[in-house]
Amino acid sequence: MRKLGHAAVAALGLRMPCRFLRGSGASLALTVGAIACGVALVCALDVASHGVLRAFVAVVDTMAGRAALQVTAGDGGFFPESVAAAVSEVPGVTTALPVVQATAVVGDGAERETLVIHATDLTSDAATDVYEMQTVALEDPLVLLAHPDSIVLTRPFAVRHAIALGDHIDLAVPGGRRTFTVRGLVEPAGLLRAFGGNVAVMDLFSAQTVFTRAGVITGVDVVVESTADLTAVTEAIAAVLPPGLRVVTPVQRQADLQRVMRSLPVALDAMALFCLSAAFLIAFNRLSTVFEARTWQIGVLRALGLRQRVAWRELLKESVVIGAAGVAVGIPSGLALGRLLLPVIAASAALHHNLLVPETALVVEASSIVRAALLGLVAAVLAAVLPAWRASRVAPVATLRCQGTEQPAAGPGAAGSQLPLAGTVIVVGAACALQAVARSAAPGIVATNLIAIATALAARPALGLLRGLGRLPAAGPAAWFAVRNLLSAPRRATLTLATVGVGLGSVVASWTISTSFQNTLLSTLTEAIRPDLIVTSSHVAAGYLQAPLDPQIMREVRHVPGVVAIGGGRTINWPYRGERIAINAVDPRYFTHKRGGRWPLVGARVPAVWRRVAAGDTIVVSSNFLVRFGVAVGDQVVLETPRGPLSLRIGGVTAASQSPTGTIQMSRSVYRRHWRDHLVNQIGVYVAPAVGVTPVRRAIEDGLAHTYDLQVLSSGELISHYASEVARGFAPLYVLVTMVLVVTLLGVADTLVAGVLERRRQLGTMRALGVRRRSVARMLLIEAALVGTIGSALAAAGGLAMGTLWVTRDLPRLLGWSCELYLPGREVVLAGAITVAVCLAAALLPVRLAARLRPQEALRYE
């Protein structure tokens, strides 16, 4: 077996690289680890993103059952049940089943689960066939239909909750807590496989009394004859539908969902590539050092007749072996990390798009593994190209003469070395200008990566600033020697600074994005949410939205002693021009009351805008709505409502948004009339000053909270809740930032330690000349502090530039969110302090070695 292995290595031509790597394995371990981290992140995000997208798309497909078409009024809009009868008369339609889809919550606290309710006409035999319901146990069907509290659960859900046929289950619904009787159990097949079996079936009439109103539904599932032309049937159905309704196929809904969700994986991939860039710089730095130390051996081989091209190729083979080792470690690690990130990314996507979190499974595709492996190998090979070329081209005589020192750089002088930096800055400006014209995220992403490159290129000029520091009389001998040591190996010092600048800079950029988003949210909500108390359901319906409440609860809150006024608010997602926007409908009194809150407006607005919004003919839109749809203040927006087209004038613009594609704020009286929806998500409560907030809050909690599963919050508490939801949405970003930070700091620490250990001869000479241990230690610590400080300054400049570009250009066009720019000053200072501390900690080992170093031993060190 060993002979076979040697033969394979020889056949691949890896004998010399493997022989050289035997002596450098320990010093290259971190390089392999850095490549592995980059590969793992790329692989993890790819497989997790595919799994999340497939899970969301599968829900759309599963919930449709065998229906070929679906009639809807937007996302869950209400419309008359009579539409189903009209659709059933269309030629080619076999069955048209009216449905109500809603959500309920079972359990409390950490144990609560969302239960998706699917209600249809259970007296129809077609329902069982369309939704593939396989009955396990069922009470008398007449009893099930006769009692409005009847519900049918999936068998796994019932087993998990220890529920048997005939048992009762408490569910939180818009009207509060209600008790239902389990009158049937079914297998999780067909539609009931969605959301991991957390689906319950009800009769249509029973569901209407709980979730909508009598005669009102949320959709029609249409089965088409197998011989019919689907396109012709679709057009015929569209012709009989009232204005505001549309007919779509499940495939269309899947495509819509894929289009909506395509931006999140792109944003995560961009951060993963930052980690791979940091790994590239670490590999470049380490391979430069290793190949530099090996120039004497290469020079001997060159003197014995080895050609320069062959030497360069053999060194590149080492990088292939290193890259392969990083890929071999990174791919399994990426699959494990992807499994851990899967629920985090799913929850983030659900919050981002205001959806229910589906049951997810890791999707491992060959393309994901191949992509991550190729990126890892390419990064390793590219990191070795220049160091290998530099080491192989040095003449044997020069190599022997320069043994133990960094080879002199060839090429342009100091002024010429800054030309790439100047050119990169020019290209960044051109990319930003192109993005403003093209209204696309692609030029901005290119510009962001070019800023990272410019940060790396700026390391050499930043290192040159140390010359002035070394000449200062107050610097002292230790500082002078520290500066001279860094300047004597400019390539290594430059690469170390570039690693800190790019790696830590990406962290600063991420902090800038999250800080800007959260602070914009907090400042906006502080102006918009002004009631003394806010009453909401204690459960979340989907994403960040609280479950809807029945209007009866508003009337009961109004009669609580001490309450002088209330205002209801309803937020839904709604289709507009092929996108999915948010509609925030608020009672008119909220816009005109002196104690009411209003979204802060920016830019142009019509006169008396809020009075016009309360009147119902004007709306306020978010700034990302303007960007997305190319409209302006004064333009008309036409919404296709369940009652037909509704034309409203844009009266003003706010930076606040509840959807990445835009938000419309309107009067709830207009909303109720056109959407047939009387539910609310929030109830704003105004308290009489003479009574005080605390007694009223206690009265609502004691009298209504338990009955209707309510939570009563102050304005500050509600804003804090939204801030925590934003933090949840940024959870994947925090994971990536942590990995990038760890890889960067470990790489810098390894470089500092290795650089000092390779200078034992120099340190021994200094000790032999009488320099005290304390002075040597001070010199090493000053070197580390200078690297950390300059690197942090580069990171702050580059990171804030990248973050500013993302907040102002990339974030609105890639993810759809518009926010004001907030610079994370405290976080930048903290990151710099951590970097300097890590550099000083990395210098402690060389300091201890230097303290115990005997001059005679160091002078013998090669």
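The values are calculated or read from the model by the stated rules, or taken from the named source; none is laboratory data. Treat the numbers as computed from the prediction; the structure is a model and nothing was measured. We place every Cβ from the backbone using ideal geometry, glycine too, and count neighbours over all the protein chains shown. Note: areas computed on protein heavy atoms with side chains; ligands, DNA, RNA excluded. Shrake-Rupley method; radii C 1.70, N 1.55, O 1.52, S 1.80 Å.
Go through the residues of the range 41-63 one by one and say whether even a single one is in a strand (DSSP E or B) and either open to solvent by 20 Å² or more (accessible area, probe 1.4 Å) or modelled with pLDDT of 80 or more (or both).
Looking for residues that are in a strand (DSSP E or B) and either open to solvent by 20 Å² or more (accessible area, probe 1.4 Å) or modelled with pLDDT of 80 or more (or both), one finds none in the range 41-63, hence no.
Exactly one condition in (1) over 30 Å from Ala655 (Cβ atoms); (2) of a type in the set (Gly, Ala, Ser); (3) open to solvent by less than 20 Å² (accessible area, probe 1.4 Å); (4) at pLDDT 80 or above is false for Gly798; which is it?
Every listed condition holds for Gly798 apart from (1).
List, please: which pairs have Cβ atoms under 9 Å, are six or more places apart or on different chains, and start with a residue in the range 327-349 that is open to solvent by less than 30 Å² (accessible area, probe 1.4 Å) and end with one that is basic (Lys, Arg) and assigned to a helix (DSSP H, G or I)?
Ala347/Arg728; Ser348/Arg728
In this structure, is Thr499 modelled with pLDDT under 85, crowded, with 22+ Cβ neighbours inside 10 Å, not in a loop (DSSP other than H, G, I, E, B) and not charged (D, E, K, R)?
Criteria met by Thr499.
Kindly establish whether Ser523 is open to solvent by less than 20 Å² (accessible area, probe 1.4 Å) and at pLDDT below 90.
no
Checking the conditions here, which among Ala73, Ala68, Ala127 is in contact with an Asp or Glu (Cβ under 7 Å, 6 or more places away or on another chain), at pLDDT below 90, over 21 Å from Leu171 (Cβ atoms) and buried (at least 16 other Cβ atoms within 10 Å of the Cβ)?
Of the residues listed, the single one that is in contact with an Asp or Glu (Cβ under 7 Å, 6 or more places away or on another chain), at pLDDT below 90, over 21 Å from Leu171 (Cβ atoms) and buried (at least 16 other Cβ atoms within 10 Å of the Cβ) is Ala127.
Output the number of the condition that Asn584 fails; it satisfies all remaining conditions of (1) surrounded by 21 or more Cβ atoms within 10 Å (Cβ to Cβ); (2) part of a helix (DSSP H, G or I); (3) polar (S, T, N, Q).
(2)
When the range 776-834 is examined, which residues are found to be more than 18 Å from Ala749 (Cα to Cα), part of a helix (DSSP H, G or I), hydrophobic (A, V, I, L, M, F, W, C) and in contact (Cβ under 8 Å) with a residue 24 or more places away in the chain?
Scanning the range 776-834 gives Val776, Ala796, Ala797, Leu800, Ala801, Met802, Leu805, Trp806, Val807, Leu811, Leu814, Val828.
From the list Ser226, Ser206, exactly one residue is part of a loop (DSSP other than H, G, I, E, B), more than 20 Å from Thr72 (Cβ to Cβ) and of a type in the set (S, T, N, Q). Which is it?
From the options Ser226, Ser206, the qualifying one is Ser226.
Looking at Ser319, is it touching an Asp or Glu at 6+ places or on another chain (Cβ under 7 Å), open to solvent by less than 10 Å² (accessible area, probe 1.4 Å), assigned to a helix (DSSP H, G or I) and over 30 Å from Ser657 (Cβ atoms)?
Spelling it out, it is not the case that Ser319 is touching an Asp or Glu at 6+ places or on another chain (Cβ under 7 Å), open to solvent by less than 10 Å² (accessible area, probe 1.4 Å), assigned to a helix (DSSP H, G or I) and over 30 Å from Ser657 (Cβ atoms).
Please state which one of Leu487, Leu521 is touching a residue at least 24 places away in the same chain (Cβ under 8 Å), under 30 Å from Thr289 (Cα atoms) and in a helix (DSSP H, G or I).
After applying the criteria, what remains is Leu487.
Spot the failing condition for Val87; the list is (1) without any contact (Cβ under 8 Å) to a residue 24 or more places away in the chain; (2) in contact with a helix residue (DSSP H, G or I) (Cβ under 6 Å, 6 or more places away or on another chain), and only one is missed.
(1)
Considering only residues of the range 588-625 that are within 21 Å of Gly716 (Cα to Cα) and not hydrophobic (A, V, I, L, M, F, W, C), which is surrounded by the most Cβ atoms within 10 Å (Cβ to Cβ)?
Ranking the candidates gives Tyr590 first.
Consider Asp221 against the criteria (1) open to solvent by 30 Å² or more (accessible area, probe 1.4 Å); (2) under 39 Å from the mean Cα position of the chain (by Cα); (3) charged (D, E, K, R): it satisfies all of them except one. Which criterion is unmet?
(1)
Of these, Pro642, Pro660, Pro600, Pro551, which one is farther than 24 Å from Gly77 by Cα and either in contact (Cβ under 8 Å) with a residue 40 or more places away in the chain or of a type in the set (Phe, Trp, Tyr) (or both)?
Pro600
Of everything in the range 230-245, what is at pLDDT below 85 and open to solvent by 50 Å² or more (accessible area, probe 1.4 Å)? Give them in sequence order.
Pro243
Out of all the residues in the range 106-116, is one or more in a helix (DSSP H, G or I) and open to solvent by 60 Å² or more (accessible area, probe 1.4 Å)?
The answer is yes, given that some residue of the range 106-116 is in a helix (DSSP H, G or I) and open to solvent by 60 Å² or more (accessible area, probe 1.4 Å).
Being open to solvent by 30 Å² or more (accessible area, probe 1.4 Å) and either at pLDDT 90 or above or within 27 Å of Leu521 (Cα to Cα) (or both) is the filter here; which residues of the range 684-698 pass it?
Val693, Thr694, Pro695, Arg697, Arg698 - these are the residues of the range 684-698 that are open to solvent by 30 Å² or more (accessible area, probe 1.4 Å) and either at pLDDT 90 or above or within 27 Å of Leu521 (Cα to Cα) (or both).
What do you reckon, is Leu144 within 17 Å of Thr120 (Cα to Cα), in contact with a strand residue (DSSP E or B) (Cβ under 8 Å, 6 or more places away or on another chain) and surrounded by 17 or more Cβ atoms within 10 Å (Cβ to Cβ)?
In short, yes.
What's the number of the condition Leu171 fails, among (1) of a type in the set (A, V, I, L, M); (2) open to solvent by 30 Å² or more (accessible area, probe 1.4 Å); (3) touching a strand residue (DSSP E or B) at 6+ places or on another chain (Cβ under 9 Å)?
Evaluating Leu171 over (1) of a type in the set (A, V, I, L, M); (2) open to solvent by 30 Å² or more (accessible area, probe 1.4 Å); (3) touching a strand residue (DSSP E or B) at 6+ places or on another chain (Cβ under 9 Å) leaves (2) as the failure.
Output yes when any residue across the range 667-675 is of a type outside the set (Ser, Thr, Tyr) and at positive phi, and no when none is.
no
Give me the residue from the range 538-561 that is polar (S, T, N, Q) and at pLDDT below 85 and, out of that set, least open to solvent (accessible area, probe 1.4 Å).
Among those residues, the one meeting the criterion is Gln546.
So how many residues does the range 510-520 have that are of a type outside the set (Val, Ile, Thr) and open to solvent by 10 Å² or more (accessible area, probe 1.4 Å)?
4
Could you tell me whether any residue of the range 295-312 is open to solvent by 30 Å² or more (accessible area, probe 1.4 Å), within 19 Å of Ser506 (Cα to Cα) and modelled with pLDDT of 75 or more?
no
Please go through the range 614-651 and give me each residue that is touching a strand residue (DSSP E or B) at 6+ places or on another chain (Cβ under 6 Å) and among the polar types (S, T, N, Q), ordered by number.
Thr618, Ser622, Ser623, Gln636, Ser647
Quickly run through the range 640-683 and pick out the residues that are open to solvent by 10 Å² or more (accessible area, probe 1.4 Å) and of a type in the set (Gly, Ala, Ser).
Across the range 640-683, the qualifying residues are Ser647, Ala655, Ala656, Ser657, Ser669.
Spot the failing condition for Val564; the list is (1) at pLDDT 85 or above; (2) assigned to a loop (DSSP other than H, G, I, E, B), and only one is missed.
Single failed check for Val564: (2).
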